[in-house]
Amino acid sequence: MKNNYMKYLVILVVIIGVGKLAWDFMMPQNAMTNQGDMMSGGMMNRPQIQNKVVAVADLSAFETAGKTLFDANCAGCHGDNAAGVEGAGPTFMSKIYEPSHHADISFYRAAKMGVRAHHWQYGNMPPQPQVNEADIEKIVAYIRRLQKENGIF
Ligand code: HEC
């Protein structure tokens with residue numbers, strides 16, 4: 001009698017264990033949350049607004065020109081100091097936008113062709129035909145400096 005009881009208990013525990021594994025398997029987003037940076041499950045949980053961006057005091061002339069262009073053309077969605085704007089666009093002060101994840105070319109491409117929403121839920125970024133490649137070069141210099149000073153890379 002006691003033996004049977006133990007047997008049923010073990011079977012019950014095994015069933016619960018297998019059930020839990022099956023559940024995790026069917027719900028991959030549960031297992032993925034908080035995992036690596038570019039995985040689709042965890043991505044939406046990463047910071048989109050960065051409230052602690054430190055402005056750079058000693059920008060070069062080239063970087064200052066980039067800041068002026070950024071403020072006029074990009075900050076409306078990407079925020080002052082690229083800190084992001086709630087409901088409009090993501091911060092660039094995040095590992096996701098460091099050079100090894102989004103190389104400089106992605107800035108040229110974004111301005112020229114726009115960006116189809118793929119990282120966030122802000123919707124698409126429209127093309128910015130009013131900025132040319134020379135402008136983007138300055139904007140990128142400014143963003144990279146900001147990222148560097150803020151310890152992003
Ligand atoms: C009308 C709002 C808006 C403006 C203005 C805007 N952006 Fe964006 N941008 C977005 C949104 C939204 C995304 C995120 C899309 C996504 O990945 O979901 C984005 C993404 C990007 C990306 C990432 C591209 C990628 O490959 O993932 C870059 C780079 C970028 N923007 C650069 C710029 C620059 C430079 C300017 C100014 C010349 C600018 N944006 C102006 C809304 C905007």
Rounded to one decimal in Å, the inverse mean reciprocal Cα-Cα distance for the range 61-149, i.e. its Kirkwood radius, is 12.9 Å
Taking only protein heavy atoms and a 1.4 Å probe, the highest-to-lowest accessible-area order of ARG145, ARG116 is ARG116, ARG145
Extension length gain for ALA55 and GLN121 (0.36 nm per residue less Cα distance), in nm, is 21.1 nm
Surrounding charge for VAL140, neighbours by C-beta under 14 angstrom, Lys/Arg +1, Asp/Glu -1, total +1
In the neighbourhood of ALA55 defined by beta carbon distances under 14 Å, the net charge of the other residues (Lys, Arg +1; Asp, Glu -1) is -1
Under 5 Å from the placed amide H of VAL115, counting only residues 5+ away or on other chains, we find MET125
Probe 1.4 Å, all chains present, heavy atoms only: HIS78 accessible area in Å², nearest 10, is 20 Å²
Heavy-atom accessible area of VAL10, protein chains in place, probe 1.4 angstrom, given in Å² to nearest 10, is 90 Å²
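The values are calculated or read from the model by the stated rules, or taken from the named source; none is laboratory data. None of the values given here were measured: they were computed from a predicted structure. Here the Cβ is made from the backbone with ideal geometry for all residues, glycine too, and neighbour counts use every protein chain on show. Please note that ligands, DNA and RNA were not included when accessible areas were found on the heavy atoms of the full protein model with its side chains. Shrake-Rupley method; radii C 1.70, N 1.55, O 1.52, S 1.80 Å.
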